[in-house]
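Peer 1: Okay, handing you the structure first.
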C-alpha cells in the first residue's frame, strides 16, 4: 500500500508486461469514451426542452438564442467537480480489453471519473476531478508515451495537482497513479498486475486492499473483465467503501474490446452500466450486469405451476384455443403446469387480439400479462361465456388455510 504524502508517485506493477498489440486501427484517432451526459437512473427519464427566444422589432427582426444551462445533477453545484470515491482501472492481456469501475456517494460518478479507449487504456480521474485528464492521458499513451511519463507531464501543467487523484493504465498493463495531499483521509492507491486502484475519503486502507485482493484472485480466470471489475468494487464496498453516509450514491463500469466482432460500436465499447443514483449502487450495477449478460443465477428459473395455470387453460379452452377437440377439459397429470401446449395457445390468442407474441413482437412465449388477462375476460364477455368461467374459477380460488 502506498500513501502519497505529496506530489507525484507512480509505482510500477508487480510485473511489467511486454509491449502488447495496440489495436488502434479499430478506433478513429484521438477519440476517448467519456460517459455520456444523458443521466441513467432508477427514476423515470425527463426530457428537457430547449427554447429559442425570438425578438421582433418594428423594422427588422433578429433571432437570438437564450442562454440555456446544461443539465447537470444538482449535487454537482460549485466551480469544481468533486468525486471523492474509489475506483479501479484494469486490463485483460488475453482479450485486450480495457476497463474502469467506480463508485461514490455523489450522483452520476460515471459521467466524470472513468475514461476508456479501445486498445489504448483506461483512466480514473477523481477527488477534485479534472475530466480533461481522461482525453489527455489516453492521447499521450496512444502516441507511445509511458503512463508514468504521461501522468507526470499532465500533473506538471496542473496548478491543482495537490487536489487530484488519478489512476491510469495502458492496454499492456503498465500503470501510474497520483494522490495529492489534499484529498480527504483515508486516501491512497496501490497497483498490481494489470490493475490500479485508488480512493479517497475511505474507511481505511482495507478498502483498496479488498479491491486489489479480489482482482488479483480472478487473474487468469474465465470471468469477463467487466465481471472482475464489478467484483472488485463489491469487495471494496464490503470492506467499508466511502466513509460518508446519508448522501446520494452512484456507480459505473465501462469496458472496451478490440477484437473483431465483439463490439457493435466503432469505438469498441461493449459494457457501459451507469447507475446514476441508487441506495445500493454497486449491488445495482451487479444486478444490471448479470441480467444483461444472462449470467446464471440472475433470476429464478422454474416451470410455473398452480391453479392460475389451470384457469388460463380453462379460458383458452372455452375460447377455442386449447384442446378444442374435447368438449370438457379434464384435469390430467400436468393440469397445473404451464407447458409448451398452453403457451402456444396463449400466443395464438394474443396474435388474434393484436397483442405482441413470440413471433410478431418478440414477447416471451405464452406471456400472460395484465393486457392478456383483460383481453381474455373481454372476449369471454363478448361470447357470453364469462359468467360460467367465473363460477368455475370461484371454486378454484377459495382460501382454506
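Peer 1: With respect to residue 312, is the statement that it is part of a loop (DSSP other than H, G, I, E, B), surrounded by 14 or more Cβ atoms within 10 Å (Cβ to Cβ), touching a helix residue (DSSP H, G or I) at 6+ places or on another chain (Cβ under 8 Å) and on the phi < 0 side of the Ramachandran plot true?
Peer 2: On the way: part of a loop (DSSP other than H, G, I, E, B): no; surrounded by 14 or more Cβ atoms within 10 Å (Cβ to Cβ): yes; touching a helix residue (DSSP H, G or I) at 6+ places or on another chain (Cβ under 8 Å): yes; on the phi < 0 side of the Ramachandran plot: yes.
No; evaluated as a whole, the condition is false for this residue.
Peer 1: State which residue pairs qualify: first residue free of Cβ contacts under 8 Å to residues at least 40 places away in the same chain and on the phi < 0 side of the Ramachandran plot and inside the range 375-392, second residue surrounded by 11 or more Cβ atoms within 10 Å (Cβ to Cβ) and in a loop (DSSP other than H, G, I, E, B) in any location, beta carbons under 7 Å apart, and separation of 6 or more residues or different chains.
Peer 2: As it stands, the answer is 375/353; 375/355, since those pairs meet every condition given.
Peer 1: Report, ordered by the first and then the second residue, all pairs with beta carbons closer than 6 Å, sequence separation of six or more or different chains, a first member in the range 172-188 that is in contact (Cβ under 8 Å) with a residue 40 or more places away in the chain and at positive phi, and a second member that is crowded, with 24+ Cβ neighbours inside 10 Å and part of a loop (DSSP other than H, G, I, E, B).
Peer 2: 173/194
Peer 1: Suppose we keep only residues that are in contact with a helix residue (DSSP H, G or I) (Cβ under 7 Å, 6 or more places away or on another chain), in a strand (DSSP E or B) and at pLDDT 90 or above within the range 107-130. Which one would you say is nearest to residue 242 (Cα to Cα)? Write out each step before concluding.
Peer 2: Initially, the range 107-130 is screened for residues in contact with a helix residue (DSSP H, G or I) (Cβ under 7 Å, 6 or more places away or on another chain), giving 107, 115, 117-121, 123, 125, 127-128.
This time we only want the ones that are in a strand (DSSP E or B), so: 115, 117, 121, 123, 125, 127-128.
Cutting the leftovers down to at pLDDT 90 or above gives us 115, 117, 121, 123, 125.
On the way: 115: 21, 117: 27, 121: 26, 123: 20, 125: 16 Å.
Once the filter is applied, the top-ranked residue is 125.
Peer 1: Looking at (1) in contact with a strand residue (DSSP E or B) (Cβ under 6 Å, 6 or more places away or on another chain); (2) closer than 26 Å to residue 96 by Cβ; (3) outside any helix (DSSP H, G or I), which one does residue 226 not meet, given that it meets all the others?
Peer 2: It is condition (3) that residue 226 fails.
Peer 1: Restrict the check to the range 263-283 and report whether at least one residue is surrounded by fewer than 18 Cβ atoms within 10 Å (Cβ to Cβ), farther than 30 Å from residue 183 by Cβ and in contact (Cβ under 8 Å) with a residue 24 or more places away in the chain.
Peer 2: Yes: the range 263-283 contains one or more residues that are surrounded by fewer than 18 Cβ atoms within 10 Å (Cβ to Cβ), farther than 30 Å from residue 183 by Cβ and in contact (Cβ under 8 Å) with a residue 24 or more places away in the chain.
Peer 1: A further question on this structure: Hey, among the residues in the range 192-201 that are in a strand (DSSP E or B) and either at pLDDT below 95 or in contact with a helix residue (DSSP H, G or I) (Cβ under 7 Å, 6 or more places away or on another chain) (or both), which one's surrounded by the most Cβ atoms within 10 Å (Cβ to Cβ)? Show your work before the answer.
Peer 2: Within the range 192-201, the subset in a strand (DSSP E or B) is 192, 195-199.
Subset that is either at pLDDT below 95 or in contact with a helix residue (DSSP H, G or I) (Cβ under 7 Å, 6 or more places away or on another chain) (or both): 192, 195, 197, 199.
Numbers: 192: 19, 195: 27, 197: 30, 199: 33.
Within the range 192-201, the match that is surrounded by the most Cβ atoms within 10 Å (Cβ to Cβ) is 199.
Peer 1: Among the residues of the range 170-196, count how many are within 17 Å of residue 129 (Cβ to Cβ) and in contact with a strand residue (DSSP E or B) (Cβ under 9 Å, 6 or more places away or on another chain).
Peer 2: Within the range 170-196, the subset within 17 Å of residue 129 (Cβ to Cβ) is 177-184, 187, 189, 196.
Filter once more, keeping what is in contact with a strand residue (DSSP E or B) (Cβ under 9 Å, 6 or more places away or on another chain): 177-180, 182-184, 187, 189, 196.
Here the count works out to 10.
Peer 1: Moving to a separate point now. Hey, can you tell me all the residues within the range 341-357 that are without any contact (Cβ under 8 Å) to a residue 12 or more places away in the chain and either outside any loop (DSSP other than H, G, I, E, B) or surrounded by fewer than 14 Cβ atoms within 10 Å (Cβ to Cβ) (or both)? Explain how you work it out, then say what you get.
Peer 2: Residues of the range 341-357 without any contact (Cβ under 8 Å) to a residue 12 or more places away in the chain: 351-352, 354, 356-357.
351, 352, 354, listed by residue number.
Peer 1: Filter the range 131-148 down to residues that are surrounded by fewer than 20 Cβ atoms within 10 Å (Cβ to Cβ) and at pLDDT below 95 and give me whichever is nearest to residue 198 (Cα to Cα).
Peer 2: Within the range 131-148, the match that is nearest to residue 198 (Cα to Cα) is 131.
Peer 1: Of all residues in the range 279-294, which are part of a loop (DSSP other than H, G, I, E, B) and within 14 Å of residue 234 (Cβ to Cβ)? Quick ask: steps written out before the conclusion?
Peer 2: Restricting attention to the range 279-294, the residues satisfying the condition of being part of a loop (DSSP other than H, G, I, E, B) are 279-280, 294.
Within the range 279-294, 280 is the sole residue that qualifies.
Peer 1: Could you tell me which numbered condition residue 167 fails, if it satisfies all but one of (1) within 19 Å of residue 211 (Cβ to Cβ); (2) not in a strand (DSSP E or B)?
Peer 2: Here residue 167 meets the rest and fails (2).
Peer 1: Restricting to the range 296-309, name every residue that is free of Cβ contacts under 8 Å to residues at least 24 places away in the same chain and either on the phi > 0 side of the Ramachandran plot or assigned to a loop (DSSP other than H, G, I, E, B) (or both).
Peer 2: Our first condition is that a residue be free of Cβ contacts under 8 Å to residues at least 24 places away in the same chain; within the range 296-309, this holds for 296-302, 308.
Of everything in the range 296-309, those that are free of Cβ contacts under 8 Å to residues at least 24 places away in the same chain and either on the phi > 0 side of the Ramachandran plot or assigned to a loop (DSSP other than H, G, I, E, B) (or both) turn out to be 296, 297, 298, 299, 300, 301, 302.
The values are calculated or read from the model by the stated rules, or taken from the named source; none is laboratory data. Just so we're clear, the structure is a prediction, and the values are computed from it rather than from any experiment. Here Cβ is always computed from backbone atoms with ideal geometry, including for glycine, and neighbour counts include all displayed protein chains.
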